[in-house]
Each structure stands twice: as structure tokens, then as C-alpha cells.
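Novice: Below is a structure I'd like to ask you about.
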Amino acid sequence: MRNGEARERLIRRLTGQAIGDFGLIEEGDRVLVALSGGKDSWTLLTVLESLRKRAPVNFTLVAVTVQPGFPGFSTEGIETYLREQGFEHRTVAAPIHGLVLEKLGPDDIPCSLCSRIKRGVLYTQATELGCTKIALGHHRDDFIETLLLNQFYNGRIKAMAPLLRADDGRNVVIRPLVYVPEEAIIAYASEAGFPVTCCACPACGDPDQKRARIKKLLAGLEEEHPGIKASLLAALGDVDHRHLLVREQERPRVK
């Protein structure tokens, strides 16, 4: 078996495991896949399509790309590839570039604002397209890094959820790549020849320094002690409130 096929098989297995463990996709679901054009979202869409063809339940996919308006960003390559592969797809323009210029200073990082606007657009599109779930391409390393970022810099034990009902009570966000290591996605996306597209944001290529430090720390620990990342991810699902600084009134009730 070639390396690319082996990696796809691994990613498909881990994605299928996450779908089963957390009930991410059910019979009759119509899943909006947020396709930014990056390696993670291309991998997510492709693997979900592969699973859809094999799954014991019926579900459909529609890819949605948000056009942020940054100079130099083009969806042409994305749209061409999706048409050739037979995917249902929609591109939606959002005034992200204009709002970044209006509301942020030259030294501000626009990622948080951009993410909030995109999420709102995706929620609206999910309703218009009749979608029951919104799939995002966050992988195992995103979960772990977010956990440590919150602990180190925000004083909170918080990461991401594989399945999350939005505050509006209507939209449901799923993250099927939760078990998939980033290195597997990097290799797979490169071999698959996806038309990976940079968003052309001015901050692209200027990494969040806090996240970059966490990523470097984790890489060093994983090299010294293989399995560290897997252990951190497992910890997110095995929380013992008795041994945390949780006030009595905030403790979960034991039934």
C-alpha cells in the first residue's frame, strides 16, 4: 500500500472513530463543511466524502467557502477543483477585510474578529441550505494547543468540543478530525495535490506567538516522551472534579 493510501486510511479510521464516539453524524444529516481552502478543510471534506460512500447511515455534504475580501485571495482554484470532483459548493462574500481595517489597529491580530464573522456567516448559510451540522477542520493538535493556551494564559481548563450546540440553540458544530494528528494531515494533503489556498490575510505567515510557543513546547515533549499529545487529548475526556479547585456550588451533582 502506498504511503498516501495508508495515510488516508488512517485519517478515515480516526475520523470514523470520532464520529462514532461522539455521535457527530446521524441518519439524514446534511453537513455543511467549512472549506477555507487550507490543508485541514480539504482533508476534512475529502475524508467525509469517502466515509459517506461507505457509511451505514445516509447523509449529504455541501462545502461552503467564505470569501473574506483580502486582496489577492481567489476562490477560482477551489471552485474549479470542487466542480471537477462533483461536490456541491457555495462561495459567500463577507466584509471581513473592510471590518479589519475599520476596527483594528496595524499591530492587532485579526484572527479572532475574522473567526467570529466567518462563524456567523456559516450559521446563516447552514440555515439557508437546510444543514443540520457544521463541520470544522480542527484536528488533534488544535485541541491540545487550545487547552494549554487557556491554562497558561487565561487561567481556565478549556479546549474545544467535538460536538457543540451553538448559543443560538439551532446550529450544531462538529469537529470530526479531533483524533487526527496534524502531521498526518500535512503529509496527506501534500500527496493528495489539493489546491491549498492561503486566505491572503495580512497576518498570514505571522503566527500567533503564544500558539507558536505552545506548539514548539509540545513538539519537544513529544520527541522526548512519545505519547504526550495522546495523553493530553485523553485528559480532556477524563476530568476528576474532586481534585480540582472547583467551588462546592459549581461542582456537578452526582446522581
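Every read-out reported here was derived from the displayed coordinates using simple, explicitly stated rules and does not represent laboratory data. What you see is a predicted model, and the numbers here were worked out from it, not measured in a lab. As a convention, Cβ positions derive from the backbone with ideal geometry for all residues, glycine included, and neighbour counts pool all protein chains shown.
Novice: Put +1 on the Cβ of every Lys and Arg and -1 on every Asp and Glu Cβ in region 1-96; which of Pro95, Leu61, Ser50 then has its Cα farthest towards the positive end of the dipole?
Specialist: Ser50
Novice: Loop-only check: which trypsin sites (Lys or Arg not before Pro) in region 157-190 are DSSP coil with at most 16 other Cβ within 10 angstrom?
Specialist: Lys158, Arg170
Novice: Here is a follow-up. So, counting K/R as plus one and D/E as minus one, what does the shell of residues with Cβ under 13 Å around Ala219 add up to?
Specialist: Net of charged neighbours comes to -2.
Novice: Evaluate the distance, in nm, between pseudo-label points positioned 7 Å from the Cα of Arg54 and of Asp168 along their respective Cα→Cβ axes.
Specialist: If labels sit at Arg54 and Asp168, their model points lie 3.4 nm apart.
Novice: Here is a follow-up. Given a cut-off of 31 Å, name the pairs among Lys118/Lys158; Lys133/Lys229; Lys133/Lys216 whose C-alpha atoms lie farther apart than that in the structure shown.
Specialist: Pairs exceeding the cut-off: Lys133/Lys216.
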